[in-house]
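Any read-out appearing in this document is the output of simple, stated calculations on the displayed coordinates, not a laboratory observation. Remember, it's a predicted structure, so these values are computed and weren't measured experimentally. Note that each Cβ is placed from the backbone with ideal geometry, even for glycine, and that neighbours are counted across all protein chains shown.
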Amino acid sequence: MSEGNFSTEDPRLGLLLDGIVRLAAGDLNTRIEVSDARDEIDAVIMGTNLLAEDLQIIYEELEQRVNARTQQLNEAHLAMRHMAMTDPLTGLNNRSAFANALAEAQAAGQKGSKRPAILLLDMDGFKSINDTLGHTIGDKVLETLAARISGAVREQDMVARMGGDEFAVMLPDVTPAEAASIGNRILASVVGAMEIEGQHLRCGASMGLRMADPGHGAEELMMEADIAMYESKADGRGKLKVFEPAMLHSRQMRNQLVGELKEAIAGSQLVLYYQPIIRLDTREIEGVEALVRWNHPTRGLIMPDEFIPIAEETGMISDLGGWVLRTAVEQLKQWRSDPLTSGHDFSMRINVSAADLQRLEFVEDVREALASANLDPSLLVLELTESAVILGNDLDRYTLNSLRRLGVGLEIDDFGTGYSSISYLRRLPVDTVKVDRTLLSALGSDPSQPALLAAVLQLIRACGLNAVWEGIETAEQAQYLLGIGCTSGQGYYFSRPLPGEQLTEQLKHHKTWPVTAD
Ligand code: C2E
Ligand code: CA
Ligand code: CA
C-alpha cells in the first residue's frame with residue numbers, strides 16, 4: 001500500500017479518521033462502522049470502537065463520582081452553615097443567625113405601627129442549678145427552657161440562644177403592646193416547675209424589650225435590649241423591662257464605677273472601718289468587724305452596699321477581699337503588739353463573699369495572712385452570708401472544711417433573712433451565727449417580737465451554736481437581750497464603725513462600751 005492511495009482507495013480509512021477526530025473532540029457516542037471485509041482495517045476500527053466504549057464507561061463513572069462528590073460538598077456546606085447558625089445543645093438559632101434575621105427584618109421596613117422587636121431573657125438562678133446539680137442537669141434545664149420559649153411565641157417569631165443561660169426572641173412585626181404581651185407570655189411559661197431526673201426545679205427569668213427603631217444597627221439594638229434586661233435583674237428580677245434611653249446613663253455610671261474601682265483596689269482608696277462586738281454582761285470588747293469603705297477622690301466616702309455587688313459581678317471581689325484580709329489582720333497585729341492597746345483580747349471578723357469560697361487559693365491566702373502577722377488562726381473569724389453558703393456545692397464544702405481545720409472561726413452572717421435551713425446549719429462547720437438586724441429592729445413596735453427572739457435564740461443553741469446580735473441601737477435592746485441570755489452584740493448603741501486610729505484611741509483609754517464622753 002502506497003501513501004498516495006491511502007485515503008482514496010479505501011473509504012473506510014476516511015471514516016476511521018473521521019471517527020477518531022470526533023472521539024478526540026469528546027463525542028464518546030461515536031462508533032465507526034465495520035465492513036464485511038473483516039480485514040486489518042476492520043480490526044483497527046473494531047479496536048477503536050472498543051476503546052471508545054471503554055472511554056465512555058470510564059467517563060460516565062467519572063461523571064457519577066463527580067456528581068456524588070459535588071453533592072457531598074454541597075451537603076457539608078449546608079451543614080456547616082447550619083452549624084454556624086445553630087446552637088448545638090438546644091437546636092435553636094444562635095447569636096449570628098439572630099443578628100442576621102434582625103438585620104433582615106429591619107431592612108424589610110415598617111408596616112404601619114408595627115416594627116421588629118427584640119426580647120432578651122437571662123435566667124435567674126441558673127448558675128446555682130449548674131453549680132449544685134451539675135452540668136448534665138443544667139443542660140437539660142436549658143433544653144426544657146428552649147422548648148418552653150419556642151412554645152410561647154408565634155409561628156413567625158424567631159427564638160435564639162445567645163450563649164450560657166441567655167435567650168433572645170425576634171418578633172418581626174409587632175406593636176410595643178403586642179411585644180410586651182408576648183414577652184410576658186414567655187416569662188409565664190418559663191417559671192413553671194420542671195422535673196428533671198427526679199429533681200423538682202424552678203428557674204425564673206429577667207427580660208429586656210427593645211423595639212427596633214429604624215436606622216439602628218442590630219448589634220446596637222441587642223446591646224440595648226441587654227441593658228433593659230440588666231435593669232430587670234437590678235430591680236428584683238422576673239420582670240419585663242422596656243428599654244429607655246435613661247438606662248444608658250445609669251449603665252454608663254456603673255461602667256465608670258467599674259473602671260474606677262479597679263484603680264481603687266490597686267491604689268490606696270479603700271479604707272477599713274472597725275465596729276466593736278461587745279460582751280453584753282461585762283461590756284468588754286470581744287471582737288471587731290472590718291467594714292470596707294471606698295474613699296473616692298471626687299465622691300467622698302462610698303458605702304460597701306454600692307460597690308461590693310459590682311466587685312462581685314466583675315470578679316474584682318477576690319482582689320478586694322484579699323486586701324481586706326491582709327489589712328485587717330495587720331491592724332489586729334498592731335493592736336495586739338502595742339502595749340497601750342494589747343490589754344484588750346479580741347478577734348478580727350471579716351466579711352467573706354460567696355466568690356471567695358469558690359477559689360481554691362482562698363484557704364492559702366488566709367493561712368499566709370495569719371502567718372505573716374504571726375497571729376493564731378482562732379483570732380480570725382470569717383463572716384459568711386447565709387445565701388452564699390446555703391447554696392453550697394462541693395467547692396464550698398471543701399473550702400469551709402479546710403478553713404475549719406486551719407482553726408479560723410466561721411460565722412453565718414445575716415441569719416434570719418431568708419434561706420435558713422436548720423438541717424443545713426447543723427451540717428455546716430460553723431460555730432456562730434450573727435442574727436440579722438431586721439429581727440431586732442422590730443423589737444418594741446411588735447409585741448410578739450420578744451417571743452420570736454427567744455425562740456430564735458433557743459433554736460441557735462439547739463444546733464450547738466453561739467449567737468451574736470447585730471443592730472443593737474438602744475440600751476433597752478441591749479438589756480432585753482442580756483435578759484434572755486444572749487452573750488454578744490454589736491450595733492450603733494455600743495459604737496458605729498470607726499476608722500482604725502479612732503478605735504485605737506478608744507482602746508487606749510476605755511475598758512468598756514459604749515464609751516462615755518469624757
Ligand atoms: P453586714 O456584714 O451585715 O455589716 C453590718 C452593716 O450594718 C454595716 O454596714 C454596719 O455599718 C451596719 N450596722 C452596724 N450596726 C448597726 C446598727 O445598730 N443599726 C443599723 N441600722 N446598721 C448597723 P456597712 O458597713 O454599710 O456594710 C454593709 C454590708 O457590706 C455588710 O453587711 C457586708 O455584707 C458588706 N461588706 C462590708 N465590708 C465588706 C468586705 O470587706 N467584704 C465583703 N465581701 N463584704 C463587705
Ligand atoms: Ca458582717
Ligand atoms: Ca449582718
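Quick notes on this one:
- A simple spin-label model places the labels of M223 and A24 6.8 nm from each other, with each point 7 Å out along Cα-to-Cβ.
- Each Cα pair under 8 Å and six or more residues apart adds its separation to the average, and for region 253-501 the resulting relative contact order is 19 percent.
- Placing a label point 7 Å from the Cα of L301 along the Cα-to-Cβ direction, the residues of region 239-274 whose backbone N falls under 17 Å of that point are 269-274.
- Cβ-Cβ FRET estimate between A107 and K508, R0 fixed at 60 Å, reported to 0.05: 0.20
- Relative exposure of D305, D87, D139, judged by other C-beta atoms within 10 Å (fewest first): D305, D139, D87
- Residues of region 332-353 with amide N under 11 Å of a point placed 7 Å along Cα→Cβ from R404: none
- Efficiency of FRET from Cβ geometry, D139 and R367, R₀ 41 Å, rounded to 0.05: 0.65
- Residues of region 261-282 falling in the label zone of R359, defined by backbone nitrogen less than 19 Å from a point 7 Å along Cα to beta-carbon, are 261-272.
- Violating pairs (Cα-Cα greater than 29 angstrom) within the set K140/K262; K127/K239; K111/K140; K262/K508; K262/K333; K127/K333: K140/K262; K111/K140; K262/K508; K127/K333
- Using a Förster distance of 45 Å, the FRET efficiency for Q479-N184 (Cβ separation, nearest 0.05): 0.30
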